[in-house]
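Below is one structure, written out as structure tokens; the observations come after it.
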Amino acid sequence: MEKRLMKEFEAVFKEQGEAVFFSPGRVNLIGEHTDYNGGMVFPCAITLGTYAVVSRRADAHMLLYSNNFREKGIIDVDLNKLQYDKQDDWANYVKGVLYFTQQEGYKLPCGLNILIEGNIPNGAGLSSSASLEVLIGTILKELFQLPLSMLDIIKLSQKAENQFVGMNCGIMDQFIIGMGKKGHAIALDTATLKHTYVPVQLKQASIVIMNTRKQRGLTDSKYNERRAECEHALSQIQKIMKINSLCDLKEEEFEKIQHSITNPVERKRVRHAVLENIRVKKAITALENNDIIEFGALMNASHISLREDYEVTGVELDTLVESAWQQSGTIGARMTGAGFGGCAIAIVEDETIEDFKQAVYKEYTKRIGYEPEFYIASIGHGAGKLVGGCIQ
Ligand code: GLA
């Protein structure tokens, strides 16, 4: 992989690359739409991700080329004129990180040539954009010896996504992509950023990723709408109770104060956030106790709550998950990520995976009219420099 990418870099930029970097995608095992409500999440990094080969330039330009968007050619970005431009498409994520790195006072001594290649399916909700952002932050730190910690890179990347691209995401995706560890999920408290690594041992079962392949158009605006609903409900609750975020509420407290939320739709959103946060904590304990049956049951409950109360699933994700539930080897299944399309995950007993895929494929294709895709998730490392196939 590294050798092939080096060669391609040479073909595009007519010089040798200096180093290769990798940044993963992610799946979230449980804890959806809790990360901007001060709650818990439980994601892991996957071995699918984004690669980059880089070399330094003598001027202040970044020349960006992606093997995934060859038709766009080389995109020339002037470090002194960083502005969002719809035409530049994927390069806006790169520009956002460059912009905020400089804004925070870090000097970029020169430009770079960067060749990118990703094997995360695009727009599948496995965080290809956060993967790219954290990748760029990691490259800048390494090549220019910037005094940035991984947490700084994570925060800069989230800022780029929020304020440069306009997607008001929480911190989960950038965090797991920067901090992921092979074979482990991270139990992250998004209010304090306290986190622990939990080994993911599923006995004789694996995580199957199921891609709806639905083209997601309005995802960002729908996502921002959910976030605004939560913020509005929080401001109403804060008039009668002292809390910082929705996930501060215990279940009994929610029951008591729910009528202060005047809009019934917003009430449902809050119920999801509060109960999902409780489910994540239970799920982490279940996994630590090797109780994957309980873990699977909590995943199923999470999906139902996202379908009924948070309303971010849609017929494609529901069809995948509901048909996964019908299979004898399924331990649990739910959508993962923002929703509205993208991917779902299922924990499936290894010996039944082939039958599982066939049955879910058949049902989905019949109902939806096009084919889903399946990948077996393997839990990998966070972003870093690649040397001899290993992340440093
Ligand atoms: C997207 C966002 C995350 C998180 C999830 C939903 O992936 O980027 O911050 O909010 O949706 O859990």
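Where a number appears in this text, it was derived from the coordinates with a stated rule and is not lab data. Just so you know, these numbers come straight off a predicted model, no measurement behind them. FYI the Cβ positions are ideal-geometry reconstructions off the backbone, even for glycines, and counts take in every protein chain you see.
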Per-pair calculated FRET efficiency, R0 = 25 Å: residue 196 and residue 350 via Cβ, rounded to 0.05:
0.40
Any number yet on Rg/Rh for segment 46-126, C-alpha, Kirkwood?
0.97
Comparing 215, 145, 158 in a Gaussian network model of the chain (Cα, 10 Å), the one with the largest mean-square fluctuation is 145
Just going by the charge dipole of segment 195-258, with Lys and Arg at +1 and Asp and Glu at -1 on Cβ, which of 210, 238, 197 is farthest out on the positive end?
210
Roughly what would the spin-label model give for residue 87 and residue 228, points 7 Å off Cα along C-beta, in nm?
3.0
Could you run the Debye sum over the Cα atoms of segment 1-78, one equal point scatterer each and no solvent, and tell me log10 of I(q)/I(0) at q = 0.11, 0.20, 0.28 Å⁻¹, two decimals?
-0.46, -0.90, -1.41
Any chance you could run the full-extension gain for residue 387 through residue 106? It's 0.36 nm times the residue separation minus the Cα-Cα distance, nm to one decimal.
98.5 nm
Taking neighbour counts of Cβ atoms within 10 Å as a proxy for exposure, in what order, fewest first, do 192, 285 appear?
192, 285
Can you put 33, 61 in order of Cβ neighbours within 10 angstrom, beginning with the fewest?
61, 33
For the chain, average projected area of the Cα convex hull in nm²
19.5
Using the Cα atoms of segment 311-359, I'd like the radius of gyration and the largest Cα-Cα distance, Dmax, both in angstrom.
10.7, 33
Only counting other Cβ atoms within 10 Å, I'd like 376, 114, 331 sorted with the fewest neighbours first.
376, 331, 114
May I ask which of 86/281; 14/107; 86/181; 3/182; 107/385; 182/362 have a Cα-Cα span longer than 30 Å here?
86/281; 86/181; 182/362
Can you tell me the mean projection area, over all orientations, of the convex hull of segment 129-277's alpha carbons? Units nm², please.
12.1
Length added when fully stretched, residue 67-residue 182, from 0.36 nm per residue minus Cα-Cα
38.7 nm
Expressed as a whole-number percentage, the relative contact order of segment 205-377 with C-alpha contacts under 8 angstrom and at least six residues apart is 34
Cα pair distances exceeding 14 angstrom across segment 112-195, given as percent:
66
Mind listing the long-range amide H neighbours of residue 47? Cut-off is under 5 Å, sequence gap 5 or more, other chains count too, H placed in the peptide plane at 1.01 Å from N.
378, 380
Could you tell me the largest-minus-smallest coordinate of the C-alpha atoms of segment 205-377 on each of the three principal axes, in descending order and whole angstroms?
53, 40, 21
So if I place +1 on the C-beta of Lys and Arg and -1 on the C-beta of Asp and Glu, and nothing else carries charge, what would the dipole magnitude of the chain be about its Cα centre? I want it in debye, nearest 20.
460
Using Cα pairs under 8 angstrom and six or more residues apart, how large is the relative contact order of the chain, in percent?
24
Helix 219-237 vs. the chain, principal-axis angle (Cα, 0 to 90°, nearest 10)
50
